[in-house]
1. Output the Kirkwood hydrodynamic radius of region 54-112, Cα pairs only, in Å rounded to one decimal.
2. Have a look at 103, 80, 126 and report the one farthest towards the positive end of the charge dipole of region 50-129, computed about the Cα centre with Cβ charges (Lys/Arg +1, Asp/Glu -1).
3. For the pair residue 134/residue 157, report the inter-label distance in nm, with labels modelled 7 Å from Cα in the Cβ direction.
4. How much accessible area does residue 128 have with a 1.4 Å probe, in Å² rounded to the nearest 10?
5. Would you mind calculating the gained length between residue 164 and residue 70 on full extension (0.36 nm times residue separation, minus the Cα-Cα distance), in nm to one decimal?
6. What net charge do the residues around residue 90 carry, taking every other residue with its C-beta under 14 Å from that of residue 90, with Lys and Arg at +1 and Asp and Glu at -1?
7. If r is the Cβ-Cβ distance from residue 29 to residue 58 and R0 is 35 Å, what FRET efficiency results, to the nearest 0.05?
8. Could you sort out which of 90/120; 88/175; 90/157; 120/161; 120/162 sit more than 22 Å apart by Cα distance in this structure?
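The values are calculated or read from the model by the stated rules, or taken from the named source; none is laboratory data. Owing to the predicted nature of the structure, the values given are computational and were not obtained by experimental measurement. With ideal geometry, Cβ positions are generated from the backbone for all residues, glycine too; neighbour counts draw on all protein chains shown. Accessible surface areas use protein heavy atoms only, side chains included; no ligands, DNA or RNA. Shrake-Rupley method; radii C 1.70, N 1.55, O 1.52, S 1.80 Å.
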Amino acid sequence: MGSKKKVPAMNTSSTADIAFLLLCYFLMTTTMGSQTGLSRRLPPMPEKDQKVEDTKVNRRNIIQVRINSQDRILAGSEPLDISQLKDKIKEFLTNPANDPNLPDKEVKEIEGFGPYAVTKGVISLQNDRGTSYQAYISVQNELVKAVNELRDDFSMKNYGKKFAFLDEEKQTIVKACIPQPISEAEPKDVAKKR
C-alpha cells in the first residue's frame, strides 16, 4: 500500500502584515488628484498694539461686480457678458486716459524698482444666494485673468519675460506694482434682476 505524502503547508501568518505595510506605503507615497481652487491670500491679522485706521475708499476707486440669481453679470451699473468682463476690469485698473470716473493712482516707491503709479482701484465681487457655482467661478477666473494679463504686460515691458518666468524677487516687484485688489462681499439677494 502506498502512503500518501503530505504537501508541506505554507506559513501565511505574516501575509496580512505585509499587505498592511504595502497599503500604508502606497497611501503615504501617492498623491490623490491635484489641488484645485482659487488662490487667495488673506491680509495679515493686525498686531495687538496696531491702530486700525478707518480708511474710506473713494467711490471712483471701486467697481462692483455683481452676479444675480439668473447668473447675469453687472459691472458697475451696466450689464455685461462674461466675455466683456476681463477687458472692463483691465480698463478700470489701468485707467489709461486718466478718466475722473475711474480709479486714482498713487505713486509709490517700489523696492527694487523705484517710483511707480499704483492703482487705488478695488474690485468688489458680490453674488446672489441663487448664483450658480459655475457662474461664480467663471467670473472669478475672468477677474484673475485680467490681473494676470496686466502683470504679464508689465513684466514683458520691464523684464522681457512673462510674469510666470520671472524670479521670485521680480515677481514680488510686479505684484507690488500691479496688485490683485479683489474683495468678496457676503452673498445676498442682488437687487437688479435684469
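1. Answer for region 54-112: a Kirkwood hydrodynamic radius of 13.3 Å.
2. Going by the Cα projections, it comes out as 126.
3. Output for this residue pair reads 3.7 nm.
4. Ignoring ligands and nucleic acids, residue 128 comes out at about 10 Å².
5. The residue 164-residue 70 span can extend by a further 30.3 nm.
6. That sum, taken over residues with Cβ under 14 Å, equals -3.
7. Efficiency, from the Cβ-Cβ distance: 0.05.
8. 120/161; 120/162
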